[in-house]
Amino acid sequence: MSKFLKGATAAFAALALAACGGTNGDASPSDTDNGGDGQSGEGETLTVWIMEGTNPDATDYFDEVTAAFEDQTGAELDVQMVPWASAKEKFATAIAGGTTPDVAEVGTTWTPEFADAGALMDLSDRVSEANLDSDLVDGLVEAGTLDGALYGMPWYAGVRAFIYNTEIFDAAGVEPPTNWQELQDAVTTIKESQPDVIPFPIPGSSEFSLYPWVWGNGGEIAVEEGDGYVAQIDSPESVEGIEYFTNLALEHDSSTPAAATWKETDVLAAFQQGDVAMAIQGSWTPATIVEDSPDMDGKFGAFVIPAKDGGVAPSFLGGSHLSIFEETDNPDLAWEFVQMMTTGEFAQMWGEATNYFPGQKSLLEDMEADADELTRVFIRQMVEGGASTPVTPAWGAIQGQQVTPTMVQAILAGQASVQEAADTAAETMNETFSE
């Protein structure tokens, strides 16, 4: 499997070809806009878990969804909000005890793990019957697929690109870089013109800030081999990308020593204070910047993460699926809800309310048509460079072990060379892959 969004081109309108002028090919508007077949659910209650903690307040949204679902099916919705911080443990307990909800929002990196545990329902046939196969964002489909079966219906996505302070760039006389050499030159010029500015912080605790430099140099985190995965983070291409990224801090004064332990939220806070020239941030952060720091409104822009010799470097396509659990007593009713949420009107409403991208290609086309310049950059990053981490149940354990952040921090602290740190990371990954 490729990690890229297959078939995507620079012409964003290509996403709509599969739609044939409709919402999802041959499906009628009622199949998508209203959630499907109008399954009768009189007297039934569907239990749904939705994550909270990074998403905005969704109370009003789910009030509307609940009313519409009851009107359409006669069933009631019991929507329970679950904090992201405790969600993994809650899911594990529910799966072990057979107390799972009917439907839940599942982070894209968790879906393969839960599917491997036998907890999730295969949605492949239902997606095909609804004529949705070609109208779902490929990266989200890949992240929700295990052994050829789809266990997570794409709901929404976010991707990381560069944001930059236009006043700092203008003062330095630099333009958004389009390749690695231009980025390095921009760092040098900004630092020389404005010594108190941090040109580009290198966060040691942000794995998703690292991967574009691995992928943008033709490297991989890990690749499928036989029935499992084998680490490639220590390959020559990957090591060269890691070295470029960390050397921006170690040799080109792009960062600050404090950033060696920063998370993305720390980088964002520094950017909002006006101390940072450019930073890798999510597509959901511009609204946060304007809300938290109104004086930044109109003073920042965005550009795609460049690959080594130009073009768009792949960037992690994160987001959420909606999954149906095997323990549900109402699979048809659950699918009715999933389809209502992930396609058509309510999927569009969710994207507008949260600044995330929908998981349906035809809705992405509509969003692009009305998007401002900054949003278009993130859409281009997603379409031309959306990527996924290894789609394996083992990846959740590797993330839990903080393998990538530990590697980067060792390099930034001078405790290991890039190759040594990458070799250690690869060894840890392979041990986990083989368990």
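A few notes on this one:
- Mean residue ellipticity (222 nm) of the chain, computed from DSSP H runs ≥ 4 via -39,500 (n - 2.57), nearest 500: -13000 deg cm²/dmol
- Around the amide H of ALA222, modelled in the peptide plane, lie the amide H atoms of GLN232, all under 5 Å away and 5 or more residues distant in sequence or on another chain.
- Heavy atoms of the protein chains alone define the surface here; on that basis region 173-242 has 39 Å² accessible area per residue at 1.4 Å probe size.
- Across region 65-76, coupling constants 3J(HN,Hα) worked out from phi with the 6.51/-1.76/1.60 Karplus curve, θ = phi - 60°, read 4, 4, 5, 5, 5, 5, 5, 7, 10, x, 8, 9 Hz, and Gly and Pro carry x.
- Sorting 233-239, 96-102, 320-326 by average packing, meaning the other beta carbons within 10 Å per residue, from highest down gives 320-326, 233-239, 96-102.
- Mean separation of Cα contacts under 8 Å (6+ apart) over length of region 266-370, as relative contact order %: 16
- Per residue, the average separation of C-alpha pairs within less than 8 Å and at least 6 apart gives region 201-328 a relative contact order of 30 percent.
- Acute angle (nearest 10 degrees) that the helix 361-370 long axis makes with the longest principal axis of the chain, alpha-carbon atoms: 60
- To the nearest ten degrees, helix 418-433 and the longest principal axis of the Cα atoms of the chain are 20 degrees apart.
- Expressed as a whole percent, the accessible area of region 145-245 that falls on carbon and sulfur atoms is 41 (1.4 Å probe).
- At R0 = 25 Å, FRET efficiency that the Cβ-Cβ distance of TRP84 and GLU64 yields, to 0.05: 0.60
- In Hz, Karplus ³J(HN,Hα) per residue of region 128-138 (6.51, -1.76, 1.60; θ = phi - 60°; x = Gly, Pro): 5, 5, 8, 6, 9, 3, 8, 10, 10, 4, 4
- Cross-link check: pairs LYS263/LYS299; LYS88/LYS361; LYS88/LYS308 evaluated at a Cα-Cα cut-off of 27 Å; pairs beyond the cut-off: LYS88/LYS361; LYS88/LYS308.
- The modelled label-to-label distance for the pair SER124/THR265, using points 7 Å beyond Cα in the direction of Cβ, is 3.9 nm.
- Sequence-separation-based contact order of the chain, relative, with Cα cut under 8 Å and 6+ spacing, percent: 27
The values are calculated or read from the model by the stated rules, or taken from the named source; none is laboratory data. Everything numeric in this text was worked out from a predicted model, so none of it was measured. Quick reminder, even Gly has a Cβ in these numbers, built from the backbone with ideal geometry, and neighbours come from all protein chains shown. Areas reflect the complete protein model, heavy atoms only, side chains present, ligands, DNA and RNA absent. Shrake-Rupley method; radii C 1.70, N 1.55, O 1.52, S 1.80 Å.
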